Amino acid sequence: MKKKKIVEIIFFVLLFAFSWWLMWKTFRINKSGNLEIATKVWSDFAATIPLIRSFSFGQNWPPQYPIFAGPPIRYHFVFFAIVGLLEKAGIPLDWVLNSLSAFSFFFLLLAIYYLTKAIFKSRFVSITACILFLFNGSFAFLEFFKKFPLSIHSLADIIHHDGFLAFGPYYGNKIISAFWSLNIYTNQRHLALAYAIFLLLVLLIYRASKNDNKLSLNKTLLWGIIIGLFPFIHLPVFAMMEGTLFIFLVIYPRLRKNILAIIGISLIITLPQIMYSGSSNSQGIFFHPGYLIENLNIFSFIKYWFLNLGLVTILAPIGFLLAKRPQRKILLPFLAFFVIGNLFQFSQEMAGNHKFFNLFLIGANIFAAYSIYNLWKHSLPGKTVAILYFIMMTLSGIIDIFPVKNDVYVEIKDGKNNDVEQFIINHTSKESVFINASYIYDPASLAGRKIFLGWPYFSWSAGYNTQKRSGLLKEILGSSSVNNVCALLRQENIDFIEIQNPTTLEGIKINYKFFKENFRERFSSPTTNINIYDVATSCK
């Protein structure tokens, strides 16, 4: 076996080992059977676990968003449905979710590697592009050294660091975004797979353009079907795929018939999905220039992106200029994502545009890696500069690995250890809808049942009217009229009411005495002070 091939295999083994570690480090089930969720993913998993369990323990077809029962689902659910169905088949949740997540992340790394190799014919560039992806190149490390000045203790400071360097726009340094660390892939477990398939599409078209502009009928049909199914796999990436195909229509005229066929097939398949769920972006698309930049002007724009992207802002354009014309074409769709993400708002929260920039950064890193390669292959000074650039482009990402390594877990009682969950699983229909006792990790959600209103942020960001539902929840739980409450419960198709005393539902006042005296109690937990009331037998 050639030496270069051995290097490639070793590199792939390391990538897979890292992918496996990353996913298992952030979620697991302990020996007691409880969920252990790392604090860095604890928030997002409050929506992820209910979605998975709605398919494994509940009945969620046609799909609804299980933390906002009623309307058709507007969230891309397929990845989590597969996880749920495999858990239903008997595979432990942590093994299913972590394995699929690790393979998806590894698949993305392979896609980056082989796309880069197809463009530049260099293992050096391919390996460098993968490393630049893993360890973000932002200037967030400057914040670290402000807090921990460079000294003989710096290595220990890095190793024991337990917080991400930047988390804009939420807290800390709000200039540098939270979305460059690997935290987005441990939280959004379906994102890596979507990006990987997108890169395979780009690779397919690029190879076809180099291979006498030929794309077989079978591949054309297959990709039309794959992209057509994408709205329920990952809607934003579906939109980026369609946009990329339209760009390819212009830059690859000899592939125009095939590309038009892929677009046509995909849109035909997509139509029923859009009709079922309605527009995920019911709030519309807004012109919102500047992404998260405050006091937007040319100087604040340059400063923001230089701090967030680091030396990629210099090396990617240089790599673009050094590349040949056919190679340059591949950067165009990625560049379009950067422009679009800086001009328009596509969801309730502008921060959601990070998906455009993460994908843009993958393409930009490929060309930045090519710049480093061109420095490396020349004189000793060139190699020295390449090493310095490489260090500066990976230092923030390296430091940001240690907050994952040093993270602690929040333990959520599950299975036989959660008496409320067990009652719900064993004594209620899989289609039941609950007014929930808590916004996150509610026992009904863990049992796979749909709840009336989970943590509002999740549903709000998916485009649901959480304000109206919050008002209904207050009216139901605070009422003293049986007729009024029963009318609302029937209207909202509620089957059971969970009430905890004291409640953890923020801003909600509960008339405990009213429900105790007027509703049939089906279960009472002495450990959590949760009571479950039956609507059907109470509202006759």
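So here's what we get for this one:
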{"item": "Angstrom value of the Kirkwood radius, inverse mean 1/r, which spans all Cα pairs in the range 364-492", "result": "20.0"}
{"item": "Value of relative contact order over the range 52-193, rounded to a whole percent, pairs C-alpha under 8 Å and six or more apart", "result": "19"}
{"item": "Accessible solvent surface per residue of the range 413-540, calculated while the other protein chains remain in place, 1.4 angstrom probe, Å²", "result": "46"}
{"item": "Added length on full extension, which subtracts the Cα-Cα distance from 0.36 nm per residue, N213 to K147", "result": "18.3 nm"}
{"item": "Relative contact order of the chain, defined on C-alpha pairs under 8 angstrom at six or more residues apart (%)", "result": "21"}
{"item": "Range of Cα positions in the range 474-521 per principal axis (Å), largest first", "result": "25, 20, 17"}
{"item": "P(r) of the range 190-267 over all Cα-Cα pairs, binned every 10 Å from zero, in whole percent", "result": "20, 58, 21, 1"}
{"item": "Assigned charges on the beta-carbon of Lys, Arg, Asp, Glu; the range 200-323 dipole about Cα centre (debye)", "result": "500"}
{"item": "Dipole magnitude (debye, nearest 20) for the chain, charges at Cβ of Lys, Arg, Asp, Glu", "result": "2220"}
{"item": "E411/N501 FRET efficiency (R0 25 Å; Cβ-Cβ; nearest 0.05)", "result": "0.65"}
{"item": "Solvent-accessible area, 1.4 Å probe, carbon plus sulfur percent, for the range 411-540", "result": "48"}
{"item": "Value of D in µm² per second that Stokes-Einstein yields for the range 158-214, Kirkwood Rh from Cα pairs, at 10 °C (1.306 mPa s)", "result": "111"}
{"item": "Partner lysines for K450 [C-alpha distance under 26 Å; skip if fewer than 8 residues away on the same chain]", "result": "K40, K88, K413, K416, K430, K468, K474, K509, K513, K516, K540"}
{"item": "Three-way shape label, the range 73-131, alpha-carbon gyration tensor, a/c 1.5", "result": "prolate"}
{"item": "Cα gyration tensor shape for the range 10-157, rounded if a/c is under 1.5, else prolate or oblate", "result": "prolate"}
{"item": "Pair L267, S524: separation of 7 Å Cα→Cβ label points (nm)", "result": "6.2"}
{"item": "Computed label-point distance, nm, for sites L335 and N465 using a 7 Å Cα→Cβ extension", "result": "4.4"}
{"item": "Length-normalised contact order of the range 492-537 in % [C-alpha pairs under 8 Å, at least 6 apart]", "result": "50"}
{"item": "Measure of compaction for the range 315-404 (Cα Rg per 2.2 N^0.38 Å)", "result": "1.29"}
{"item": "Computed helical MRE - 222 nm, the chain, DSSP H runs ≥ 4 contributing -39500 (n - 2.57), nearest 500", "result": "-18500 deg cm²/dmol"}
{"item": "Surface per residue (accessible, 1.4 Å probe) for the range 95-164, Å²", "result": "42"}
{"item": "Kyte-Doolittle at least -0.5, axis length at least 24 Å by Cα - qualifying DSSP helices, the chain", "result": "3-26, 93-120, 191-210, 231-251, 256-277, 354-376"}
{"item": "Percent carbon-and-sulfur accessible area, the range 222-350, ignoring ligands, DNA and RNA, probe 1.4 Å", "result": "74"}
{"item": "Compactness index (Cα Rg / 2.2 N^0.38 Å), the range 422-470", "result": "1.19"}
{"item": "Hydrodynamic radius by Kirkwood, which averages 1/r over all alpha carbon pairs of the range 164-320, in angstrom", "result": "18.3"}
{"item": "The range 5-56 - accessible surface per residue (Å², probe 1.4 Å)", "result": "38"}
{"item": "Globularity index of the range 84-206, i.e. its alpha-carbon radius of gyration over 2.2 N^0.38 Å", "result": "1.32"}
{"item": "Extent along principal axes [Cα atoms of the range 447-493; Å; largest to smallest]", "result": "33, 25, 15"}
{"item": "Fraction of accessible area attributable to carbon and sulfur, the range 162-214 (%, probe 1.4 Å)", "result": "51"}
{"item": "Stretchable slack from T384 to I314, in nm (0.36 nm times residue separation minus alpha-carbon distance)", "result": "23.5 nm"}
{"item": "Simple Cβ-charge dipole of the range 475-540, Lys/Arg +1 and Asp/Glu -1, about Cα centre, in debye nearest 20", "result": "220"}
{"item": "Cysteines not pairable in the chain (beta carbon separation under 4.7 Å absent)", "result": "C130"}
{"item": "Correct choice for Cα extents along the principal axes in Å that was computed from the model, options [x] 85, 62, 54; [y] 123, 54, 47; [z] 77, 65, 46", "result": "[x]"}
{"item": "Label-point gap, in nm, between E517 and A156 - each point 7 angstrom along Cα→Cβ", "result": "6.5"}
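The values are calculated or read from the model by the stated rules, or taken from the named source; none is laboratory data. Everything numeric in this text was worked out from a predicted model, so none of it was measured. Here the Cβ is made from the backbone with ideal geometry for all residues, glycine too, and neighbour counts use every protein chain on show. Please note that ligands, DNA and RNA were not included when accessible areas were found on the heavy atoms of the full protein model with its side chains. Shrake-Rupley method; radii C 1.70, N 1.55, O 1.52, S 1.80 Å.
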